[in-house]
Amino acid sequence: MTSFLRNRPKTVLALGAFIIFVSLTATFQKSSQRPFNPHDVQGGWRGDQPQGELPVTMNDMFMGSGRCAGCHGIDQAVNPIANVTSEGENVSPAENWRGTMMANSAKDPMWRAKVAHEIAMNPNHEDLIVNTCTRCHAPLGRFEAEHDGIENFTLEMLDSDSLARDGVSCMACHAQQINTVGTTFSGDLHFNSDTVWGPQFNIPQGDFPLFNSAMQSFVGVDPVPTTKFFESEVCATCHTLQTHTLDFDQNPTGNVFVEQATYHEWVNSAYNNDVNYQKECQGCHMPNTDEPIIVASGYAFLPPRQPYGQHWLVGGNSFMIELLRDNILDLGLTANENHFNTVLNRTMQNLQENSAMIELVENGVDGDTARYTVKLTNKAGHKLPSGYPARRAYVDFAMYDEDGNEIFHSGKLLPDYNIEGQDDTFEPHYDVITNENQIQIYEMVMGDVNGNVTTVLERADIPLKDNRLVPLGFSTEHYAYDTTAIVGPALNDPNFNHVNGIEGSGTDEIQYHVPVTGINGNVTVVARFMYQSLPPRWNEELFAVDHPAINSFEEMYWETAPDPVEMVSASVNSTLIEVKEYANFFRTGPNPTTTGWVNIDAGKDIIKKINVYDLQGKLIESYAPNSSRSQAQLPKAVGTYLLDVTTSRGRRIEKVLRR
């Protein structure tokens, strides 16, 4: 039909379009939905819509996703032609979006629990906390309140407003003032009330004079094309978040902490800076269809759109998608089980196909030690993991004998979903792992004004660790590095984001030195790269607070079970023959030390270099003894330090406690 109309004279085309438009307008006006009128709603607040239905309510600034879904949802025709592929696959924006974290951002029970936690820790800042958090999680309510002159948007307002509960819905993105995107951060959004922006339309204006009239008549807004909607800047305002640090008396310190900076991580990557790898956020999170799509149901005269970005909007948070799916009625969600299962499948695909690569190389046996290299490559356009600082990835490295018995295991998951051997505070970054209690965990760890680990966002003062895998092309010389910094020993690891001394590889190599004295025969070594979006350790501070929202989320959390997801894995088979005991790589003592002096004995080997680091990766002292025995002196301050020792047999890092 489209190809036929394209070959007709423009006058016939316009007449046909007009007849269809008049017919559709009449049908629409007979329905229960009324054309948008910004004065329909006095005061701006409307209650909940029926369970499972998208809201069709309106306020002065916005309309609910249900209004947009009237055309951009399921095509109800017997033989649907809109929002479907030639194979009949539903690609409608509304249906693809409904089961995502963005659609459920205001009803997310973890977010509601965390807001309650932040308020409990800093009760004098309740208004600031709610106003800040709802900018991105409930923007249609929060910014309508601002428009109406309401100084403080409250959680009670959110719960009584179906548009606020609509989360990051259609107009949260498409009604942004296009000239401000990418220029403001931390949820400082700016909106138009009568314009929606979208990708540049491939519709000759002279051929379709009534295209804009349909949206103007039906929902009261003008669609305006812009190439900006193909660009990452559209995502920037909410995907870069800075918080203002408070001390333990709830006083501002004047410091600003970068809680998450996904957009700036992309800015500092080859996907932004290198024409050979150019890819916007939308390229992964809103992948284009392979064919043109008619984007509005009931408008057969509209030409198909290409490119057409699908509203998948998935990341890596499979755990929360499962939790939402299993609590639909209790949380009052508008998505059904099928919506969530679709998003869950896409999330798993994103984690397992688009996030990382792993290589495992056998390096032979040296004395009593079997040596292996694990190389990880970040395939994402930002750090891995990125976003909310609870998220972590880690390496599960294990050796098994022929009968499947475990010989060595670093990164073993316990029944309580913690990792065996993990430090009580946090694991440092490792270049070399020599025992099972050393686990390579990629994460960002927040520190308060006293330098202690915290999960309270308003108490975050400094990052104690950030060794998350950086993207390809990441540079410590980039202008955005101040918001995307590497923190801790990873910064000085020659195998982190470096290959052959050249920065920007987006990789990390870990050496595993496995003690195998007395082990003979065939063994299998397996390395798995695991992702855990909300590990139990992160929730300890949260669950210690008694609050209905926190208690409810805690129950859902354990019912769903925070299992990690295996992103990628690799394995090799080795044969060990008559491995005999060999002198230790090196010995240190005393550990702990009260004097600060630590003796290092390499036996028959030669100590080439000793570096002393603090846990943040700051180099404190460096020695080059060129002998089999030496000493290192730790600072006077009590704490844990890292001895990085290179001998004639290789290199190893060991933690030493100064008391």
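Read-outs: derived from the displayed coordinates by stated rules, not from any lab. Note that the structure is predicted; figures quoted are calculated from it, not measured. Reconstructed Cβ throughout: ideal geometry from the backbone, glycine too, with neighbour counts over all protein chains shown.
Summary table below
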quantity	calculated
Potential lengthening between Glu53 and Asn492 on full extension [0.36 nm per residue; Cα-Cα distance subtracted]	152.7 nm
Linear extension gain, Asp274 paired with Asp546, 0.36 nm per residue minus alpha-carbon span	93.0 nm
Helical contribution to [θ] at 222 nm, DSSP H n ≥ 4, -39,500 (n - 2.57), averaged over the chain, rounded to 500	-6500 deg cm²/dmol
Distance between modelled label sites at Lys609 and Lys636, nm, 7 Å Cα→Cβ extension	3.0
Rg and Dmax [Cα atoms of segment 355-576; Å; Rg one decimal, Dmax integer]	18.4, 58
For segment 175-193 versus segment 594-659, the gap between their alpha-carbon centres in whole angstrom	51
Partner lysines for Lys279 [C-alpha distance under 29 Å; skip if fewer than 8 residues away on the same chain]	Lys228, Lys375, Lys379, Lys383, Lys465
Those aspartates and glutamates that a straight Cα-Cα span of less than 18 Å connects to Lys412, excepting residues fewer than 8 apart in one chain	Asp396, Asp401, Glu420, Asp423, Asp424, Glu427, Glu436, Glu443, Asp563, Glu566
Among Thr373, Phe543, Ala106 the positive-end extreme of the charge dipole of the chain (Cβ point charges)	Thr373
Full-stretch length increase - Asp482, Ile150 - with 0.36 nm per residue and alpha-carbon distance subtracted	116.0 nm
Electrostatic dipole magnitude of segment 587-658 [Cβ: Lys, Arg +1; Asp, Glu -1; Cα centre; debye, to 20]	140
Computed magnitude of the charge dipole of the chain (debye, nearest 20; Cβ of K, R +1, Cβ of D, E -1)	1420
Inverse of mean 1/r across different Cα pairs in segment 339-438, Kirkwood, Å	16.3
Total lysine pairs whose alpha carbons fall under 19 Å of each other in segment 587-658 (8 or more apart, or interchain)	6
Top positive-direction residue, dipole computed over segment 587-658 with Cβ charges, set Thr647, Ile610, Gly596	Thr647
Segment 587-658: relative contact order in percent, alpha carbon pairs under 8 Å with at least 6 residues between	35
Residues Thr455, Thr100, sorted so that the one with the fewest Cβ neighbours within 10 Å comes first	Thr455, Thr100
Projected label distance in nm at Asp601 and Ala624, using a 7 Å step from Cα toward the beta-carbon	2.7
Inter-probe distance in nm under a simple model that places probes 7 Å from Cα toward Cβ, at Glu566 and Ala77	4.6
Cut-off under 5 Å, modelled amide H: who pairs with Cys238 long-range	Gly187
Fewest-first sequence of Trp312, Trp597 by Cβ atoms within 10 Å of each Cβ	Trp597, Trp312
Tilt relative to the chain, helix 337-353 - C-alpha long axis, 0 to 90 degrees, to 10	40
Option label - volume of the Cα convex hull per residue in Å³ computed here, alternatives (1) 223; (2) 172; (3) 258	(2)
Thr227/Glu337 FRET efficiency (R0 30 Å; Cβ-Cβ; nearest 0.05)	0.20
Separation between Cα centres of segment 529-576 and segment 251-316, rounded to whole Å	27
Likely footprinting exposure, Leu329, Leu643, Leu457, fewest C-beta neighbours within 10 Å first	Leu329, Leu643, Leu457
